[in-house]
Structure formats: C-alpha cells, structure tokens
1. Please determine whether any residue of the range 124-137 is of a type in the set (S, T, N, Q), modelled with pLDDT under 90, surrounded by fewer than 11 Cβ atoms within 10 Å (Cβ to Cβ) and assigned to a helix (DSSP H, G or I).
2. Run Phe270 past the list (1) under 26 Å from Ser58 (Cα atoms); (2) in contact (Cβ under 8 Å) with a residue 12 or more places away in the chain and report the number of the one that doesn't hold.
3. When the range 19-51 is examined, which residues are found to be under 14 Å from Asn217 (Cα atoms) and not in a helix (DSSP H, G or I)?
4. Conditions first: (1) free of Cβ contacts under 8 Å to residues at least 24 places away in the same chain; (2) surrounded by 22 or more Cβ atoms within 10 Å (Cβ to Cβ). Val206 passes all but one, so which condition is the exception?
5. Just to be sure before I move on: is Ser58 among the small types (Gly, Ala, Ser), out of contact with any helix residue (DSSP H, G or I) (no Cβ under 8 Å at 6 or more places or on another chain) and either modelled with pLDDT of 90 or more or not in a helix (DSSP H, G or I) (or both) in the structure I sent?
6. Pairs needed: first member in the range 239-262, under 18 Å from Gly103 (Cβ atoms); second member anywhere, charged (D, E, K, R); C-beta distance under 9 Å; at least 6 residues apart or different chains.
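The values are calculated or read from the model by the stated rules, or taken from the named source; none is laboratory data. Quantities reported herein were computed from a predicted structural model and do not represent experimental measurements. Using ideal geometry, Cβ is built from the backbone for each residue, glycine included, and neighbour counts are taken over all protein chains shown.
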Amino acid sequence: MTKSPVNQSSLRRPWYRPSLTTQILIGLVLGGVLGYISPKWGNNVYFLRDIFLNLIKSIIAPLIFSTLVVGIAGGGDLKKVGRMGAKALLYFEFVTTIALFIGLAIVNLTKPGAGVALVGGGDISSLVKTQPQGFRDLIVHIFPASVIDSMVRGDVLQIVAFSVLFAMAVSAMGVKAAPILRGCEALSQVMFKFTNYVMMFAPIGVGAAMAHTIATNGLSVLVNLGKLIGSLYLALFVLVVFVFGTVMMIARVPIFQFLKAVREPFTIAFATTSSESALPKAMENMERLGVPRRIVGFVMPTGYSFNLDGTTLYLAMASVFGVCRARRW
C-alpha cells in the first residue's frame, strides 16, 4: 500500500501564526507607536527589554563552552582546529582593515558633520579615565584567572580561550573523557532548545526597546543627524555588497539561503542594539545551514571579539564626524 503524497499547503504556517521575523517586526512597529502615543508607558515597559537581554546573556557562556568543546574534542584533529583559527584571524584582520578604510572614505565624501550643532558637545577629555591597552595587556587578558568570573562578566574572548584549552585536554584524554564529551553534547542541545524558548519573548523585548527609544527621544531621533546615519548605512551597504559579497562568491556560499538564515538574528540585533542578543540564534541557524559545528562553535564566538567590522566602520566615521563638526569642515 503506497502512501499518498503530503499536501504541501497543509504544512504552511497559518496566517495567524507569523514567522519569528514577522513577529519581531510587528513588535518593533507597535513599540514605536506606543512610545509615540504614550511616552510614560513607553518608559514603563523598558524593563521587558532588560529581561530579554538578560535571558540572552545567560545563554551565551554555556552555549559557547559546550559547542566549542564538542566541536574541537569531537572532531579529534587538533591540527585542523589550529589551521582554522589561523585562517579565521587572518580573515578578521583583513576585512576589519577594509571596513576602516571604507568608513573613512565615505565620511570624507559625504561630510555629515557640516552645519550640525549639538547641545553639550564640550570637551570630554577630562572624563576619559581608561588607559590604552598594550599588546602584552591584550594577550594577558585573553586567558582568564577564573572562568566563572569570565562567564559572569560575559567576556566572550576569555570564555573561548578557556573552552579551547579545555577541549584540547578532553581530546587528549580520549576514552576517559568520553562522559564529559557526552555531557557537553547534551548541554549544547539543551541550550539550543532554551534559545528557542527565549526567542518566543523576542517580539516583546524588541518592542519594549523601541517604545523606550521613541518615548525618550521622540521621533526626532529618527531624523536628527540623519545624514550621519545615512552615510553609515551607505558604508555598510558597500561593505556588505562588495566585500562580503566577494567573500561569499569565493567561498561559494549559497547567498539566498544565507540571507534567510541571518534575517532573524539581524532583526534581533538591530532592534535591541545588542549583537550579543543575536549570537545564540545565529549559531543555531548556521548549523541548520550546514556549517560544521566545530566551525560555528569556534569562528562565531571568536569573531565577536576580533571581527568587529561594523564597529570599526562606525567608529571611523563617528570620529571624523566629531572632529570636523567642531571645525565646521
């Protein structure tokens, strides 16, 4: 007896159950409307955004640890991990440098600081208390004195360093460490499931964040300094299309599938103004896309500390904007 083919239309999501991306966008719009109509309520619901971010941050440390241990120790070839790390760091340095030059080129082309006068834009040099960090200080900082303290502070770089060394030790122990490897495998699966539960709260969290932003700054926050924001998005467009696009073609990445995989993490990061909030979902989606777990577990958390292309681009533009605004170009 042959089975009848499954009706694909019956597997479609009902109209009253939109995708997570659609729910986040709806929450974003409703939050903005709430903040505009009632600034008081827009500020009152801000705690929901903090709850969402706290839940996300609670996921990051155990997820990175378990994923890295399983990816490295489960793979069994530490030389491959070393080569992968070297290639990743070389890529991070190269693309970040390109982002820096793109930001400087765009800000000097558009001159967004011309004619902009900001209130309270005095000398802030006396407020800066931090000292520049040297190369030796950076190297020392990578290795934590206490991984528990690193997890509490959410220091991704230190968590990655500890996890890599721990995974190497597990791999060296062989069969004796098999229970630990199985435990980390179970932990990673639990954390991905936990991430799915937290993502159900994402539309409310991002809506609360937008409500607070509009309630505090008004709609003027969306148009004030619009030339700088427009210049920033122009620079990001150049970086994504020409630089990332070239990299994806060289690596033969399926572009449309990749865009579908990153749309939810992108929306979450944009709405909450926190890239950390997108990390768990991004890691999960990359595994679904077919990227090996050892690569996802190592490259993505490391990139959060070294591959700061967007931050580099923004800081380059904002620095020139601030200096040239004072000089009126």
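1. Taking the range 124-137 as the starting set, the residues that turn out to be of a type in the set (S, T, N, Q) are 125-126, 130-131, 133.
In the following step, the residues that additionally are modelled with pLDDT under 90 were identified as 125-126, 130-131, 133.
Checking the rest, the ones that are also surrounded by fewer than 11 Cβ atoms within 10 Å (Cβ to Cβ) come to 125-126, 130-131, 133.
Checking the rest, the ones that are also assigned to a helix (DSSP H, G or I) come to 125-126.
Among the residues of the range 124-137, at least one is of a type in the set (S, T, N, Q), modelled with pLDDT under 90, surrounded by fewer than 11 Cβ atoms within 10 Å (Cβ to Cβ) and assigned to a helix (DSSP H, G or I), which makes the answer yes.
2. With (1) under 26 Å from Ser58 (Cα atoms); (2) in contact (Cβ under 8 Å) with a residue 12 or more places away in the chain applied to Phe270, the lone miss is (2).
3. The answer is Ser38, and nothing else.
4. (1)
5. Details: among the small types (Gly, Ala, Ser): yes; out of contact with any helix residue (DSSP H, G or I) (no Cβ under 8 Å at 6 or more places or on another chain): yes; either modelled with pLDDT of 90 or more or not in a helix (DSSP H, G or I) (or both): yes.
Yes.
6. Leu239/Asp309; Val243/Asp309; Phe244/Asp309
Matching residues to (1) at pLDDT below 90; (2) of a type in the set (S, T, N, Q); (3) farther than 21 Å from Gly303 by Cβ:
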site	(1), (2), (3)
Leu68	yes, no, no
Leu78	yes, no, no
Ile98	no, no, no
Gly115	yes, no, yes
Val119	yes, no, yes
Phe166	no, no, no
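Yes/no matrix, rows are residues, columns are (1) modelled with pLDDT under 85; (2) of a type in the set (S, T, N, Q); (3) under 19 Å from the mean Cα position of the chain (by Cα):
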residue: Ala186; (1), (2), (3): no, no, no
residue: Phe194; (1), (2), (3): no, no, yes
residue: Val198; (1), (2), (3): no, no, yes
residue: Gly205; (1), (2), (3): no, no, yes
residue: Ala208; (1), (2), (3): no, no, no
residue: Thr216; (1), (2), (3): yes, yes, no
residue: Val223; (1), (2), (3): yes, no, no
